[in-house]
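We did not get these values from a lab; they are worked out from the coordinates using the rules stated. Since the structure is predicted, the reported quantities are computational estimates derived from the model, not experimental observations. Cβ placement follows ideal geometry from the backbone for every residue including glycine, while neighbour counts extend to all protein chains displayed.
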Amino acid sequence: MNIQIRQCDITTLQVDAIVNAANCSLLGGGGVDGAIHRAAGPELLEACRPLGGCRTGEAKLTPGFRLPARYVIHTPGPIWHGGTAGEAELLRNCYVNCLKVAANFGCRSVAFPAISTGAYRFPEEAAARIAVDAVRNWSEPLPEVVIFCCFSERQFSIYKKLCKDEIIRN
Ligand code: APR
């Protein structure tokens, strides 16, 4: 498993799958969800409608449509309620279930945003540790490359500190 840290807009990445920090309706929203739907075009929402939503921590795949990525893997992260409502476990489930879906669909490269760290207010450092730990403990052959797509300098430095011996790419 090759882990890469990049500071970029996830909608620009030419990878097999990008992960969308969605909500349980899967009918779009703001943040990275909004950016992905804008870049993918209206077909993405049409592809999400029949999925019937998605539970927190679970993951569902659609085509990427106008995105450079082949697929979008939608996963609703947990809303932060202070850390005593199983948020860590649910966030870990997001990463593990997205990796499972990616492997099942033969994805060799997957890019994650920092799930739940925006509107859902999960503390960034704790979320990054959960993300890196879940990916590092993934032992299946696919995906071969996982990119942590950081949207801010602060996020980029958090991930760089956690992954100092992995490839750091801007
Ligand atoms: N590329 C990469 N990362 C991005 C992008 C982008 N284009 N846009 C935002 N981000 C980052 C944010 O900076 C944040 O670190 O994605 C992370 C997740 O933030 P949100 O998008 O707010 O997602 P989340 O905290 O999981 O909240 C999900 O917000 O947008 C709604 O429909 C969504 O209801 C759901 C909720």
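From the square roots a ≥ b ≥ c of the eigenvalues of the alpha-carbon gyration tensor of region 1-90, which class results: rounded (a/c under 1.5), prolate (a/b over b/c), or oblate? Verdict is oblate for region 1-90.
Taken as Cα centroids, region 8-37 and region 95-170 sit 14 Å apart, rounded to the nearest whole angstrom. The slack between LYS160 and GLU140, meaning 0.36 nm per residue of separation minus the straight C-alpha distance, is 4.8 nm. Evaluated with a Cβ-only charge set (Lys, Arg +1; Asp, Glu -1), region 68-137 carries a dipole of roughly 300 debye about its Cα centre, given to the nearest 20. Under the shape rule built on the C-alpha gyration tensor, where the axes satisfy a ≥ b ≥ c, region 68-137 is prolate, since a/c reaches at least 1.5 and a/b is greater than b/c. With the simple spin-label model, which puts each label point 7 Å out from Cα in the Cβ direction, the HIS81 to SER152 separation comes to 2.5 nm.
Note down the net charge around VAL32, summing +1 for each Lys or Arg and -1 for each Asp or Glu among other residues with Cβ under 12 Å from its Cβ. Surrounding charge for VAL32 is -1.
GNM on the chain, alpha-carbon springs under 10 angstrom: the most fluctuating residue among ILE115, ILE130, ILE73 is ILE130. Over the chain, DSSP H runs of length four or greater, each weighted -39,500 (n - 2.57), average out per residue to a 222 nm ellipticity of -10500 deg cm²/dmol. Considering only beta bridges that DSSP places wholly inside the chain, some 15 percent are antiparallel. Placing a pseudo-label 7 Å from each Cα along the Cα-to-Cβ vector at GLU43 and ASN104 gives an inter-label distance of 2.3 nm.
Rounded, prolate or oblate: which fits the chain, taking a ≥ b ≥ c as square roots of the Cα gyration tensor eigenvalues, rounded meaning a/c under 1.5, else prolate when a/b beats b/c? Because its axes are fairly even, with a/c under 1.5, the chain counts as rounded.
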